[in-house]
Amino acid sequence: MTRTAIVNYHVHKPFRQAFELDAGGVTGTVVSPELAPTTVAVTDTRATFKVVKFSADSVEFITLPTAVKSFADDGWQSTYDVELTDILKQNLRVREAVVFDHTIREDDPEATRKPARNVHSDYSPDGAEQRLVDLLGPKIAAEWAAGHYAFINVWRPMAHAINSAPLGFVRPSSVDPSDWILLDLIYPDRKGQIMGLVGNPDHEWVYRSRMTPEEVAIFNIYDNQGLPSIAHSALDMVEDPDVANMRHSIESRTLVRYG
């Protein structure tokens, strides 16, 4: 089934654009990126026979119940990290997985972290290589870089099924390389890079409607042996003007090594 959503694409500029962030990356002040609100058609994978698979599309939706009862309680992270490591090993056959960040977002004007409403991917190639060193140190990072490694995110709704700002993805096969632009992330103590996506009518958007806390999206951010990075963004669904369940979600970032 095809639905309609509004997304905010990036725009080509003759200069490098950037986001300036505080020390924790919690709140951001846009330095220069311009966004272009665009209406797009989105395929609901829950209502179609057109399956998306991680190996072909860099994203996959799976059922993954969690033993974590509340992400607000102390001590949930170790349990959840083990669950994520297990599913990556089982589904993607990775040899090692390092879970290094969890971001909780809420679709509320007063929330500290709101859904990211810009079409992007989390690392440029240079940014991924630097993050590998940041996480592992130069020596171990060199060992991983000599083999096959990747950054993979796992996204899950919390508390209830959502129809506010679901996460949407652009099939990599529909993206032209010229659609990507580099964006700097400027922190007080370091600089990173992400990739922003510029609009293209050929883009094929997919999502899963009303995802529940027992479902996750697993998606590829960077792979040093060629699986494409996938552009993603919160979607403002045109068909859901009366939102009943505001988005409350957790996105976990992982570094994996394939065997």
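Observations, loosely collected:
- The condition (being on the phi < 0 side of the Ramachandran plot, modelled with pLDDT under 95 and among the small types (Gly, Ala, Ser)) is satisfied by just one residue among 226, 259, 199, 168: 259.
- Residue 246 vs. criteria closer than 13 Å to residue 157 by Cβ and in contact with a strand residue (DSSP E or B) (Cβ under 8 Å, 6 or more places away or on another chain): yes
- Where residue 227 falls short, out of the listed (1) free of Cβ contacts under 8 Å to residues at least 12 places away in the same chain; (2) surrounded by 15 or more Cβ atoms within 10 Å (Cβ to Cβ): (1)
- Matching residues in segment 142-159 - criterion: being touching a residue at least 12 places away in the same chain (Cβ under 8 Å) and over 18 Å from residue 235 (Cβ atoms): 144, 145, 147, 148, 149, 150, 151, 152, 154, 159
- Test set (1) surrounded by 19 or more Cβ atoms within 10 Å (Cβ to Cβ); (2) on the phi < 0 side of the Ramachandran plot; (3) in contact with a Lys or Arg (Cβ under 8 Å, 6 or more places away or on another chain) - residue 163 fails condition number: (1)
Per-residue answers, yes or no, for (1) more than 26 Å from residue 50 (Cβ to Cβ); (2) of a type in the set (Ser, Thr, Tyr); (3) under 17 Å from the mean Cα position of the chain (by Cα):
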| site | (1), (2), (3) |
| --- | --- |
| 186 | yes, no, no |
| 210 | no, no, no |
| 214 | no, no, no |
| 224 | yes, no, no |
| 232 | no, no, yes |
| 253 | yes, no, yes |
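- Of 181, 152, 230, all but one fail to be in contact with a Ser or Thr (Cβ under 8 Å, 6 or more places away or on another chain) and over 26 Å from residue 2 (Cα atoms); the exception is 152.
- Scope segment 62-100; condition of a type in the set (S, T, N, Q) and crowded, with 16+ Cβ neighbours inside 10 Å; matching residues: 66, 85
- Extreme residue, nearest to residue 46 (Cα to Cα), among residues of segment 161-213 that are aromatic (Phe, Trp, Tyr) and part of a strand (DSSP E or B): 207
- Being touching a helix residue (DSSP H, G or I) at 6+ places or on another chain (Cβ under 6 Å), touching a residue at least 60 places away in the same chain (Cβ under 8 Å) and part of a helix (DSSP H, G or I) is true of residue 132.
- Check on residue 141, part of a helix (DSSP H, G or I) and either at positive phi or of a type in the set (A, V, I, L, M, F, W, C) (or both): yes
- Looking only at residues of segment 105-127 that are charged (D, E, K, R) and either under 16 Å from residue 165 (Cα atoms) or touching a helix residue (DSSP H, G or I) at 6+ places or on another chain (Cβ under 6 Å) (or both), we find that the one that is surrounded by the fewest Cβ atoms within 10 Å (Cβ to Cβ) is 110.
- Residue list for segment 144-160, filter: of a type outside the set (D, E, K, R) and either touching a Cys at 6+ places or on another chain (Cβ under 7 Å) or not in a loop (DSSP other than H, G, I, E, B) (or both): 144, 145, 149, 150, 151, 152, 153, 154, 155, 157
- Residue count for segment 138-172 satisfying the condition of being of a type in the set (Ser, Thr, Tyr) and over 24 Å from residue 126 (Cβ atoms): 1.
The values are calculated or read from the model by the stated rules, or taken from the named source; none is laboratory data. Quick caveat: nothing in here was measured; it's all calculated off a predicted structure. Counting neighbours? That spans all protein chains shown, and the Cβs are built from the backbone with ideal geometry, glycine included.
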